[in-house]
Every structure is written in structure tokens, then in C-alpha cells.
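Structure first, then comments.
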Amino acid sequence: MTRRKRVFALLAAVLCLLTSVAQAAGRIDLSRKPTLTLSYRDGRTALSGATFSIYRVADADETGELTVRSEFDDFDLDIRGTNDSRWRAMAQTLESYVLRRELTPADSGKTDKSGTLTFPTQGKKLPAGLYLVIGERHTQGGYHYDAEPFFVLLPTQDLEKNEWVYDVSANVKFDKTPVPDDDDTVTRKVLKVWDDDGAEDSRPREITVELLKNGRVYDTVKLSEKNNWRYTWSDLDADARWTLTEKTVSGYTVSITREGITFVVTNTKKPDRTEPPDTPPKPSHPSNPAKPTLPQTGAVWWHVEALALAGLGFLILGALDRKREA
């Protein structure tokens, strides 16, 4: 057998192996109901009696593809990719809107004396999907604990073992602050950032933000060039939890993060998907025209490895050809 044939045979064998593994482990068993166990601890101290709610943001099919649920369509979520900082920002942004709209959670519960909470609670079920986990402010031992919101995919894929994990565990991160005195106050600021390659002509002349106190609207402010797209609130109740939302800006997606006392509201220009006039429109899915294709979140990565291996094989073949020609 020539070197070329041996390389092709090796590639074919490995690709067949990867394909068989993917077919064996790459499908979600939708008949199995996943669980999520939260651990909420400050070192050795269990944070007991803390309330958490989970919201089903997207449904997952047996291949791991996600479809955003209708109640979250207005948020124009981009739930592709694996960028951790972007996912954290998206969870923080969505938390404020969920509280603002008082959406109904898929399940809620309180941590036990060991600081543990397992979903679903009694009588509930958790279908496969992407969930947003939100915790209410918890006070214990003279401190406020504000849980950091986060996303979790149920079931979650173990990429090393190439299998789906149906019983998922997560350690909750949090901000810890001393309980303030009754007369203490705080300051909060908002700063608008435009991520649109300087396309100032397409920006709205003003945008509206809402400051939320414990999830309820406390004040509404308009930002524009007149106030340099920023605003400051002073003498706010230090014992309250302050968050921010922005009313929808057409043509942009929003991300709201907090840096110290400042809420940074970033509006990113949506890509122009306008097709040439002579190009017929692509047909949409009749039952779900807004269904996105999300191969990167919870998807099976065996095909990426296979393509990389195939590319390596072609490089080897090219090197052999050049050696033979030399």
C-alpha cells in the first residue's frame, strides 16, 4: 500500500470512529428529565433560606439546537458561541428585563440548611432547554448576598466524554456587602455606549432607560447628546437593589453591565441582512419563522475535530507530494 493510500485509510477509519461516537452520545434523550442542584455557600457558611427562580429561555431538541421561547422574542437574544464574558453580560441584562416584566418562572425554591437547592421542586418538571437562574437578595450574618445571574443548559454536555449530563450541579457566585445603616445612601450612574462603527446618522436622537428599585421602576430618564448619553442618580436607598433596563432601540441589540456604581448600556448595531433586489427571499420555517440555528451552544463538536483531522491529512498528503516531486 502506498503512503497516500495508507493516509486515506487512516483518515477514513478515524472519521468513522468519530461519527459512530457522535451518533451514540450526541443525541439528547428527551424522555429523561434533567435536574439542577445549586450550592450557595460563603466559604464554610451555608446560605440557607435564599430564594432562587429559573426561567426557561430556550427549548432544546434532541440534537442540542436551541429555539428561543416566544416570551423572550423581544430581547433578540444571540445565544450562540462560548464567550463567557458575553454570556455573563447577557444574563445580567436579561435579569433586569425579567424582573421588570414580572415573567413567570419555570420553577422556584429556597436553599436548605446546607445551602443546597435542587430543581425541579416537588410536582415540577424541567424539559430540556436553556435556563436563566436568578436569585433574590439574601441577608444573613449582617451581610447582603446578591447572587450573580447565569445561564445553564439542561442537560449539559461533557465535551471530554462526549455525553450528556442530566443531573447538573452549579456553585452560585455572589456579591457580598455589609448591611447599611438606615440613613445610608448610594449613587448610581448610567453611560450609553454605541457599537456601530461610528454610524451616528443611524442612531436614535435619544433613548430611554429605567432605574429599577428591587425590580420595580423607580425613575425613567432620557439619554441623548445633550447630556452626553449619561446620567447620575444620587441619594438612593443604600439598602435597595438597583438595576437598569433600556426600552427597545430599533436596529440594535442591548447589553447592560455594571462597573462599580455605573451601568454601562451598550447598543450594538444589528448586521444588515438586506439582500440584493434581484435575489428572491429565502423561505422561512412555516411554523417558527424566527427559529435560529444555534450550533455552538450545547452542540456536539465531533465534526469540528473531524474537519481538523481531515485538514491535517491533506497537509500530510501535500508534503508527500512535494517530497516525491523534489
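The values are calculated or read from the model by the stated rules, or taken from the named source; none is laboratory data. On a predicted model such as this, the values are computed, not experimentally measured, just so you know. Quick reminder, even Gly has a Cβ in these numbers, built from the backbone with ideal geometry, and neighbours come from all protein chains shown. Accessible surface areas use protein heavy atoms only, side chains included; no ligands, DNA or RNA. Shrake-Rupley method; radii C 1.70, N 1.55, O 1.52, S 1.80 Å.
Before moving on, here are some points about what is shown:
- Here 135, 115 are screened, and the one residue that is over 23 Å from the mean Cα position of the chain (by Cα), touching a residue at least 12 places away in the same chain (Cβ under 8 Å) and open to solvent by less than 10 Å² (accessible area, probe 1.4 Å) is 115.
- Residue list for the range 220-242, restricted to those being within 19 Å of residue 96 (Cβ to Cβ), free of Cβ contacts under 8 Å to residues at least 24 places away in the same chain and surrounded by 13 or more Cβ atoms within 10 Å (Cβ to Cβ): 222
- The number of residues in the range 149-178 being in a loop (DSSP other than H, G, I, E, B) and open to solvent by 60 Å² or more (accessible area, probe 1.4 Å) comes to 4.
- Selection within the range 204-233 - acidic (Asp, Glu) and closer than 18 Å to residue 255 by Cα: 206, 210
- Unique residue being hydrophobic (A, V, I, L, M, F, W, C), within 30 Å of residue 269 (Cβ to Cβ), open to solvent by 20 Å² or more (accessible area, probe 1.4 Å) and modelled with pLDDT of 95 or more when the list is 191, 212: 191
- Any chance residue 85 is under 12 Å from the mean Cα position of the chain (by Cα), open to solvent by 30 Å² or more (accessible area, probe 1.4 Å) and of a type in the set (Gly, Ala, Ser): yes
- Scanning the range 45-75 for residues that are surrounded by 21 or more Cβ atoms within 10 Å (Cβ to Cβ) and assigned to a strand (DSSP E or B) turns up 52, 54, 55, 57, 58, 60, 66, 68.
- Among the residues of the range 45-72, the one identified as among the aromatic types (Phe, Trp, Tyr) and without any contact (Cβ under 8 Å) to a residue 60 or more places away in the chain is 72.
- Criterion: at pLDDT 85 or above and outside any helix (DSSP H, G or I) - qualifying residue of 245, 274, 297, 279: 245
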